[in-house]
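The values are calculated or read from the model by the stated rules, or taken from the named source; none is laboratory data. This structure is a prediction, so every number in the text was calculated from the model and none was measured. No Cβ is skipped: glycine too gets one built from the backbone with ideal geometry, and neighbour counts run over all protein chains shown.
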Amino acid sequence: MDHWQYLIVLAACLAITLPLEIFGDGVYRQAWRAVRAILPVAAVFLLWDEVAIGAHAWTYNRAYTTGADIPFQMPIEEVLFFVVIPLCALLTYNAVSAILERFNRR
């Protein structure tokens, strides 16, 4: 079960923030905007991680990852981290903005 912990945490983050989609314009309903916001930043940080791993300045505890790696040395969970967490942040930001906008109209 330990090998699934990283993925379970990412899935929990998505599950917890999923209901926030009902507020505002939605993030999943505007998928292309989310992709354009997430991918450039994710690419920079993935490159940064890959360099740090190659320089032995950063590592992952293999006990908590599935063992599936992208072509170099990075666990697939780390790649998903740079997509899932910003997506959850966008969902949260979108929901809070919509709620505050409605509140301020009153």
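Among the residues of the range 18-48, what is the count of those that are modelled with pLDDT of 90 or more and of a type in the set (Asp, Glu)?
1
Restricting attention to the range 47-92, which residues are touching a residue at least 24 places away in the same chain (Cβ under 8 Å) and exposed (fewer than 14 other Cβ atoms within 10 Å of the Cβ)?
The first filter runs over the range 47-92 and keeps only residues touching a residue at least 24 places away in the same chain (Cβ under 8 Å), leaving 49-50, 63-67, 74-75, 77-88, 90-92.
Ala63, Gly67 - these are the residues of the range 47-92 that are touching a residue at least 24 places away in the same chain (Cβ under 8 Å) and exposed (fewer than 14 other Cβ atoms within 10 Å of the Cβ).
β-branched (Val, Ile, Thr) and surrounded by 13 or more Cβ atoms within 10 Å (Cβ to Cβ): is that true of Ile22 in this structure?
Details: β-branched (Val, Ile, Thr): yes; surrounded by 13 or more Cβ atoms within 10 Å (Cβ to Cβ): no.
No, not satisfied.
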